[in-house]
Amino acid sequence: MTAPRTGGRWIERWDPEDETFWKETGERTARRNLLYSVLSEHIGFSIWSLWSVMVLFMGPGYGIDPAGKFTLIATATFVGALARVPYTFAVARFGGRNWTVLSALMLLAPTVAALVVMEPGTSYGTFLLVAALTGVGGGNFASSMTNINAFFPLREKGWALGLNAGGGNIGVPVVQLAGLLVIGTAGAGHPRLLLAAYLPLIVIAAALAAARMDNLAPVRNDTGAVREAVRDRHTWIMSFLYVGTFGSFIGYSFAFGLVLQTQFGRTPLQAASLTFIGPLLGSLVRPVGGRLADRYGGAWITLGTFVAMAAATSVVILASVRHSLPVFLTGFVALFVLSGLGNGSTYKMIPGIFQAKALARGMSGEDAAAYGRRLSGAAMGLIGAVGALGGLGINLVFREAFLASGTGTAAFATFLGFYAACCAVTWAVYLRRPAGRVAQAPDPAANPQLTSV
């Protein structure tokens, strides 16, 4: 029995696997929390990806070359990835609703800082520091996913986590569209208009979370779960796969506009008019990936995604060599869509994997469900952090490719090899059924019957 907490909006009993509880009160409460979680995470993603837009405003007067701009966005990616680890455990320490409010208000710091320094003549070191501050927006994803994971039953986690993450991911194309609006109307010399517009949105997101969200008292910091998740090989295997899906999404989102400017000579307005398309489609399709994984099994959808990403990357390489912008855009947008599908399917795999471990240990019913929530919640922060580091890797590989040759062709060849490795790992670990394999608990990553009940 969990000791009650006082203050705030605390729910003492939460059992989403109980169908009666779920139909009577659980579903309504979970969906309400999901809605406001999406809003806060959406703003967080916008602030995290802010520098993918700010670099489009930084003309010759700023004195920063393309390599320096890639470093700025890589810095934001890196700090956001690291922030995901403590953010994951903050939910249990402070409560999901309380931490959502606090983490939303923390977004004011990087936004105000950028508002102050965004002008020619500011030192590069200052820009690096402010770009690092935007990493707090990257942390919002981990706490939001951990919180929503606790609200929903296993049979709906693919859809719920996909919708939560997809709604958050849309923050990337939205801030890019807002940047396009500013550049197209006021010109590239007015980045502060974009920054000022986000200040009231941050306050509104925090206020709505405070008024409408809840804390779950049964969720507790569990260092034992963290240690167990760290020791479990599936945490690191799924981290590797998530590098391929989310790492691609966030890395390409941050770099797309800069690649268009550097390799294809697009102006800031031309780049901004194209940059948002891929992230928008990739965000919208993420819940679809989760829903498909609910129905057919996460591993099959993930494998198909990586095969298709390898094919799309081959198209991008061909376009890069031939300097064909239409073909390049087609292949690149396809990469965004496929990475969005893979984001939904990989995150669906995580709770199912730990549910199967519980069954293998002889647990059943609520005991197995509680074990799955406990371990998957701890693992999600680690997996999300490592996956976000994939975005850092993409930006650094782009930086080196452009320094060496002035094009991104070598970078895409590197990514192609990585997607091939992801295909091999997904097949070998979650789908292959070698002859003579000893009997064990069914793998929920590949078994739609297990993952959707």
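The values are calculated or read from the model by the stated rules, or taken from the named source; none is laboratory data. Keep in mind that this is a model prediction, so the values were computed, not measured. Neighbour counts run over all protein chains shown; Cβ positions are idealised from the backbone, glycine included. What goes into the accessible areas is simple: the full protein's heavy atoms, side chains included, and nothing from ligands, DNA or RNA. Shrake-Rupley method; radii C 1.70, N 1.55, O 1.52, S 1.80 Å.
Looking at the structure I just gave you, is T122 among the hydroxyl-bearing types (S, T, Y) and farther than 17 Å from F246 by Cα?
Criteria met by T122.
Is it the case that A104 is open to solvent by 20 Å² or more (accessible area, probe 1.4 Å) and either outside any helix (DSSP H, G or I) or modelled with pLDDT of 95 or more (or both)?
no
Go through the stretch 249-297 and give me each residue that's in a loop (DSSP other than H, G, I, E, B) and without any contact (Cβ under 8 Å) to a residue 24 or more places away in the chain.
Selection gives G265, R266, T267.
Find all pairs meeting these conditions: Cβ atoms under 6 angstrom apart; at least six residues apart or on different chains; first residue within the stretch 175-201 and open to solvent by less than 20 Å² (accessible area, probe 1.4 Å); second residue β-branched (V, I, T).
Close Cβ pairs (under 6 Å, with a partner that is β-branched (V, I, T)) amount to V175/V53; Q176/V53; Q176/T275; G179/V53; L194/V182; L195/T111; Y198/T111.
When the residues of the stretch 41-83 are filtered to those that are within 14 Å of S253 (Cβ to Cβ) and of a type in the set (S, T, N, Q), which remaining residue is farthest from the chain's Cα centre (by Cα)?
Within the stretch 41-83, the match that is farthest from the chain's Cα centre (by Cα) is S52.
Looking only at the stretch 411-421, filter to residues that are under 20 Å from L318 (Cβ atoms) and of a type in the set (A, V, I, L, M); which one of those is least open to solvent (accessible area, probe 1.4 Å)?
Looking at residues that are under 20 Å from L318 (Cβ atoms) and of a type in the set (A, V, I, L, M), I get A411.
Is there a residue in the stretch 340-352 that is within 30 Å of G265 (Cα to Cα) and either touching a helix residue (DSSP H, G or I) at 6+ places or on another chain (Cβ under 9 Å) or polar (S, T, N, Q) (or both)?
Yes - at least one qualifying residue is present in the stretch 340-352.
Specify which of the listed residues (T146, T111) is part of a helix (DSSP H, G or I), open to solvent by 10 Å² or more (accessible area, probe 1.4 Å) and among the polar types (S, T, N, Q).
T146
So which of L281, L303, L292 is of a type in the set (A, V, I, L, M) and over 25 Å from L431 (Cα atoms)?
The unique qualifying residue is L281.
Being at pLDDT 90 or above and farther than 19 Å from I237 by Cβ, is that true of even one residue in the stretch 357-375?
No, there is no match, as no residue in the stretch 357-375 is at pLDDT 90 or above and farther than 19 Å from I237 by Cβ.
Go through the stretch 388-410 and give me each residue that's in a helix (DSSP H, G or I) and open to solvent by less than 40 Å² (accessible area, probe 1.4 Å).
Hits for the stretch 388-410 are A388, G390, G391, L392, G393, I394, N395, F398, A401, F402, T409.
Could you list all residues from the stretch 232-250 that are open to solvent by less than 10 Å² (accessible area, probe 1.4 Å) and either under 18 Å from G344 (Cβ atoms) or of a type in the set (A, V, I, L, M, F, W, C) (or both)?
If the condition is that a residue be open to solvent by less than 10 Å² (accessible area, probe 1.4 Å) and either under 18 Å from G344 (Cβ atoms) or of a type in the set (A, V, I, L, M, F, W, C) (or both), then M238, S239, L241, Y242, G244, T245, F246, G247, S248, F249, I250 are the ones that fit.
For the subset of the stretch 57-73 comprising residues that are in a loop (DSSP other than H, G, I, E, B) and either in contact with a Lys or Arg (Cβ under 7 Å, 6 or more places away or on another chain) or in contact (Cβ under 8 Å) with a residue 12 or more places away in the chain (or both), which member is most open to solvent (accessible area, probe 1.4 Å)?
Among those that are in a loop (DSSP other than H, G, I, E, B) and either in contact with a Lys or Arg (Cβ under 7 Å, 6 or more places away or on another chain) or in contact (Cβ under 8 Å) with a residue 12 or more places away in the chain (or both), it is G63.
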